[in-house]
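Here's the structure, in C-alpha cells; my notes come after.
The values are calculated or read from the model by the stated rules, or taken from the named source; none is laboratory data. Predicted, not measured: the structure shown is a model, and the values here were computed from it. We place every Cβ from the backbone using ideal geometry, glycine too, and count neighbours over all the protein chains shown.
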Amino acid sequence: MDTKFIKKALEANKAAKAEQHISAIAGTIFGVFVLIATLGAVFGDGRLSDGLIGTWVIIWMLAGIYILFALKVASQWEKVVVLRLGKFYKLAGPGPFWIIPIIDSTPTWIDHRVMVSPFAAQKTLTKDTVPVDVDAVLFWVVWDAEKAALEVEDYRAAVDWAAQTALRDIIGRMMLADILVGRSVIDKQLQEVIDERTTPWGVTVQSVEIRDIIIPQDLEDAMSRQAQAERERQARVILGESEKQIADSFAEASKAYINNPTALHLRAMNMLFEGLKEKGAMVIVPSSAVDTMNLGGLSGMISLAQNNLPKDME
C-alpha cells in the first residue's frame, strides 16, 4: 500500500514536470496572431507580392509562437523556479511573468498551500515485539520554494518517505500499551522528527495525526478478556466493601439492644410482621432465638391471628 502511494506521487510529479504550463492568455494571443497571419495571406493575395505575404505570415507566426512559450501565468498559491542556462535565476509568480524561450526554463512549480499526505507503517514491531499497523496523516507546507526545488530531487516523495521511516522508528522504541494510550505523544514526536528532517528542504510540518492503530485479532481478544476480568474483579471488591459496611452497621446497631430486652423483642416482632405480611410468606427462625427472645409464643399468637382473619382480609 505504501509503495503504491509513493509510486503514484512520483508519477504525478513527473507528469507535472512534463507539462508545459502554457497559459490560456498566451494560447489566446497565439491564436489571434495566427488568425491575423492567415487573414493577411488570404486578403493580400493578388495585392502584395509573394515575398511580402510570406514575410507577413512569418512575422506574425513567430510573434505568436514567442508569446505562447514566453508568457507564463502562475496561480496565487504557486511559485515558479526559473533557470537560465541551467542556473537558478529567480522565483516568479504568482501572476504573469516572462521568460526567454530556449534560454530560460521553468522545471518546478511549487504549491505553497497546506499539503495532506497519508502514510502508514505496516507490520511494525513494537518494543515488546508486537506487530502493529499504524495509519497517520501528515500536514505540511513548503515555506522556501528555492530550497524545495534545488536541495532535493523530489520533495513530495522525500516528505512521504521521511514520515514513514520516522513512524516506524518511533513505534519500534515504544511499548504497545504506550502506543495505545499515548497517541498525542506519538503525534508530537513525529512532528518534531519529520520537521527536523524536512527543514533543510524548505518544508515545515504543521501537524501529524494518528488515524488508526490495528493490532492482531488474537491479541485484541486477549486484551478484551483481560479488561472484562478486571471489571469483574472491581465489582467483587466493591461488593465486599459493601458487605463490610453493612456488617459494621449491624454491629453498631446491636449495641443499642444489649441492655434493652424490650426493644429487642419489639424489633423481633417487627421482623416477623414484615416477613408474614405477604400471603404465603415463610420465616425460618433459629431455635436459639425462640428460647432467648420468646419468639415461640409470639409466632404462635401471630399464626392464630392469621387463622382467625376473614378470608377477604387474607
**OP:** May I ask you to verify whether Val132 is buried (at least 18 other Cβ atoms within 10 Å of the Cβ) and closer than 24 Å to Trp77 by Cβ?
**Re:** no
Subject >> Matching entry among Ala163, Ala158 (being touching a helix residue (DSSP H, G or I) at 6+ places or on another chain (Cβ under 6 Å), modelled with pLDDT of 90 or more and not in a strand (DSSP E or B)) >> reply: Ala163
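Here's the yes/no breakdown for (1) outside the structural domain of Thr38 (by TED's automatic domain parsing); (2) in contact (Cβ under 8 Å) with a residue 24 or more places away in the chain; (3) of a type in the set (A, V, I, L, M):
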| position | (1), (2), (3) |
| --- | --- |
| Ala63 | no, yes, yes |
| Lys72 | no, yes, no |
| Gly86 | no, no, no |
| Tyr89 | no, no, no |
| Leu150 | yes, yes, yes |
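Tell me the residue from Asp248, Asp195, Asp187, Asp218 that is more than 16 Å from the chain's Cα centre (by Cα), modelled with pLDDT of 85 or more and either part of a helix (DSSP H, G or I) or on the phi > 0 side of the Ramachandran plot (or both), please. Before you say what the answer is, go through the steps one by one.
On the way: Asp248 fails: modelled with pLDDT of 85 or more; Asp187 fails: more than 16 Å from the chain's Cα centre (by Cα); Asp218 fails: modelled with pLDDT of 85 or more.
Sole residue among the options that is more than 16 Å from the chain's Cα centre (by Cα), modelled with pLDDT of 85 or more and either part of a helix (DSSP H, G or I) or on the phi > 0 side of the Ramachandran plot (or both): Asp195.
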Subject >> Residue among Leu125, Leu85, Leu91 that alone is surrounded by fewer than 15 Cβ atoms within 10 Å (Cβ to Cβ), in contact with a helix residue (DSSP H, G or I) (Cβ under 7 Å, 6 or more places away or on another chain) and of a type outside the set (Asp, Glu) >> reply: Leu125
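Restricting to the range 131-171, name every residue that is over 20 Å from Leu190 (Cα atoms) and among the β-branched types (Val, Ile, Thr). Quick ask: steps written out before the conclusion?
So in the range 131-171, the residues over 20 Å from Leu190 (Cα atoms) come out as 144-154.
If the condition is that a residue be over 20 Å from Leu190 (Cα atoms) and among the β-branched types (Val, Ile, Thr), then Val152 is the only one that fits.
Out of the residues in the range 124-155 meeting the condition of being among the hydrophobic types (A, V, I, L, M, F, W, C) and assigned to a loop (DSSP other than H, G, I, E, B), tell me which one is farthest from Val193 (Cα to Cα).
Taking the range 124-155 as the starting set, the residues that turn out to be among the hydrophobic types (A, V, I, L, M, F, W, C) are 125, 130, 132, 134, 136-143, 145, 148-150, 152.
Adding the requirement that they be assigned to a loop (DSSP other than H, G, I, E, B) leaves 130, 143, 152.
Details: Val130: 23, Trp143: 18, Val152: 18 Å.
So the residue we want is Val130.
Condition first: modelled with pLDDT of 70 or more, in a helix (DSSP H, G or I) and in contact with a Lys or Arg (Cβ under 8 Å, 6 or more places away or on another chain). Now tell me which residues in the range 5-57 satisfy that. If you could, list the steps in order and put the result at the bottom.
The first filter runs over the range 5-57 and keeps only residues modelled with pLDDT of 70 or more, leaving 21-43, 52-57.
Those left that are additionally in a helix (DSSP H, G or I): 24-43, 52-57.
Of everything in the range 5-57, just one residue is modelled with pLDDT of 70 or more, in a helix (DSSP H, G or I) and in contact with a Lys or Arg (Cβ under 8 Å, 6 or more places away or on another chain), namely Ala26.
Might you check whether a residue that is within 37 Å of the chain's Cα centre (by Cα) and of a type in the set (Val, Ile, Thr) occurs anywhere in the range 86-105? Walk me through how you get there before you give the answer.
Applying the first criterion (within 37 Å of the chain's Cα centre (by Cα)) to the range 86-105 yields 91-95.
From what is left, the residues that are of a type in the set (Val, Ile, Thr) are none.
So far as the range 86-105 goes, no, none of its residues is within 37 Å of the chain's Cα centre (by Cα) and of a type in the set (Val, Ile, Thr).
Working only within the range 70-94, note down all residues that are in a loop (DSSP other than H, G, I, E, B) and either among the acidic types (Asp, Glu) or over 17 Å from Ala24 (Cβ atoms) (or both). Reasoning before the result, please.
First pass over the range 70-94, keeping only residues in a loop (DSSP other than H, G, I, E, B): 75-77, 85-86, 93-94.
Once the filter is applied, which keeps residues that are in a loop (DSSP other than H, G, I, E, B) and either among the acidic types (Asp, Glu) or over 17 Å from Ala24 (Cβ atoms) (or both), the range 70-94 yields Trp77, Leu85, Gly86.
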